Amino acid sequence: MGKKVFVDLTHPFSAEIPRWPYFDKPVIDSKHTMAKGGVLTQYIGCTMHTGTHCDAPRHVMEIEFDGKRARYTHEMPVDAYTGDAVCLDIQIERWGLITGKHLDDACRRAGIDPDSGELEGMVLCLDTGMHLKFDDSKEYYHYSCGTGVEAGQWFVDHKVKCVAMDMQALDHPLHTAMGNNGMTRMNLLGASGRPITEEYKELFGEEAYAEFDKEEYIRIHGKEAYDKKFGALEAIGCWGTWEPCHKTMLGHGIVGVENLGGDLEKVKGKRFRFYCFPLRWYMGDGSMARCVAEIDEDDLNDVPDRTYLYCGTGVQSR
């Protein structure tokens with residue numbers, strides 16, 4: 001047994017940190033400086049869902065599946081985001097939808113039988129490789145792989161405690177307002193200059209795209225099929241294809257972490273103790289947080305320390 005070490009799984013925070021497509025830019029200002037006042041005091045103003053951060057149920061829903069009002073950050077247990085963990089190496093194609101098949105495969109490669117009950121109460125860290133692309137770019141936001149209703153139900157069925165993902169959100173980008181969902185339904189333009197929904201259809205087909213679009217799903221598969229897949233969400237007042245993994249997880253008390261990063265490659269495929277604590281924010285919807293793995297030094301993967309070079313982000317190509 002080697003000594004226990006701590007591995008940072010957090011992207012560095014700065015005013016230039018990449019942020020979700022319609023979030024405000026963080027403002028960092030000095031209230032006092034050493035030269036003038038002999039102390040350094042800084043002001044920070046930003047959306048709490050910036051960089052590596054936690055989500056609380058109230059972020060995405062009014063009512064949880066137990067019929068009660070969705071909980072705020074301060075109502076979650078202090079250790080809701082902390083516990084025994086495993087980092088799953090998710091093998092998925094670019095822009096792919098993560099399903100139970102991918103999660104089962106990653107578990108088995110990590111030495112876990114997903115049907116054994118071993119996952120109950122654990123924290124799952126998903127390493128899809130997207131954390132290495134963390135940047136203000138279409139590649140990180142538009143074309144990320146991601147989860148959906150099937151993965152969300154998989155987490156519920158396996159009774160996990162928390163899921164920390166190295167992607168832009170707890171859902172595939174087309175399940176978010178970047179596609180044809182949500183209050184804004186941005187349907188952002190992709191690299192081709194056409195909407196990303198059209199690019200996805202061209203690449204994967206209309207039936208594959210329908211997973212992300214309520215109207216298209218009903219048109220192709222019928223209302224009965226839609227209700228079978230998304231009806232539990234609709235029954236509690238949620239738009240079924242709008243962030244269904246968020247809502248399926250959080251609505252059952254499984255909290256989530258987005259934009260996991262740092263030295264995640266050092267613990268890929270490994271077991272460890274995961275620590276993550278949001279601010280004790282009364283009526284909060286989520287919070288930026290520091291995520292750390294505590295692991296036996298001998299268990300670390302032999303990879304170099306990650307260096308962040310470009311404006312505090314993870315990509316440096318020049």
One residue from Phe23, Phe6, Phe65 being at negative phi, of a type outside the set (S, T, N, Q) and modelled with pLDDT under 95
Phe23
For Phe134, which of the numbered conditions (1) of a type in the set (A, V, I, L, M, F, W, C); (2) farther than 14 Å from Thr241 by Cβ; (3) modelled with pLDDT of 95 or more fails to hold?
(3)
In the stretch 292-316, anything closer than 19 Å to Glu258 by Cβ, at pLDDT 90 or above and of a type outside the set (A, V, I, L, M, F, W, C) is listed as Arg306
Applying the selection to the stretch 188-230, what residues are within 23 Å of the chain's Cα centre (by Cα) and of a type in the set (Lys, Arg)?
Lys214, Lys229
With criteria (1) of a type in the set (Lys, Arg); (2) touching a Leu at 6+ places or on another chain (Cβ under 9 Å); (3) in a loop (DSSP other than H, G, I, E, B), Arg280 comes up short on (2)
In the list Leu103, Leu88, which residue meets the criterion of being aliphatic (A, V, I, L, M), assigned to a strand (DSSP E or B) and modelled with pLDDT of 95 or more?
Leu88
Reported set for the stretch 1-27 where residues are closer than 19 Å to Phe274 by Cα and small (Gly, Ala, Ser) is Gly2
Of a type outside the set (A, V, I, L, M) and either assigned to a loop (DSSP other than H, G, I, E, B) or surrounded by fewer than 12 Cβ atoms within 10 Å (Cβ to Cβ) (or both): is that true of Asp79 in this structure?
yes
Residue within the stretch 303-317 that is crowded, with 20+ Cβ neighbours inside 10 Å and part of a loop (DSSP other than H, G, I, E, B) present
yes
Could you go through the stretch 190-200 and let me know if any residue there is among the polar types (S, T, N, Q), at negative phi and not in a loop (DSSP other than H, G, I, E, B).
yes
Given the conditions (1) under 21 Å from Phe277 (Cβ atoms); (2) in contact with a Phe, Trp or Tyr (Cβ under 8 Å, 6 or more places away or on another chain); (3) not hydrophobic (A, V, I, L, M, F, W, C), every one holds for Ser30 apart from (1)
Quick one: how many residues across the stretch 228-276 are of a type outside the set (A, V, I, L, M, F, W, C), outside any loop (DSSP other than H, G, I, E, B) and in contact (Cβ under 8 Å) with a residue 24 or more places away in the chain?
12
Residue among Leu126, Leu132 that alone is crowded, with 24+ Cβ neighbours inside 10 Å, touching a residue at least 12 places away in the same chain (Cβ under 8 Å) and within 24 Å of Arg306 (Cβ to Cβ):
Leu126
Listed residues Gly83, Gly182, Gly121, Gly96; which is modelled with pLDDT under 95 and either over 13 Å from the mean Cα position of the chain (by Cα) or under 17 Å from Trp20 (Cα atoms) (or both)?
Gly182
Would you confirm whether or not the stretch 34-43 contains a residue that is closer than 24 Å to Ala177 by Cα, assigned to a loop (DSSP other than H, G, I, E, B) and modelled with pLDDT of 95 or more?
no
Filter the stretch 135-149 for residues that are among the small types (Gly, Ala, Ser), assigned to a loop (DSSP other than H, G, I, E, B) and over 24 Å from Thr307 (Cβ atoms) and give the result.
Gly148
Out of Asp24, Asp8, Asp66, sole residue that is surrounded by fewer than 20 Cβ atoms within 10 Å (Cβ to Cβ), of a type in the set (D, E, K, R) and within 30 Å of Asn301 (Cβ to Cβ):
Asp8
Considering only residues that are farther than 13 Å from Gly240 by Cα and either in contact (Cβ under 8 Å) with a residue 40 or more places away in the chain or not in a loop (DSSP other than H, G, I, E, B) (or both), which ones fall in the stretch 212-227?
Arg219, Ile220, His221, Glu224
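The values are calculated or read from the model by the stated rules, or taken from the named source; none is laboratory data. These figures come from a predicted structure and were not determined experimentally. Please note: Cβ atoms are built from the backbone with ideal geometry, for glycine as well, and neighbour counts cover all protein chains shown.
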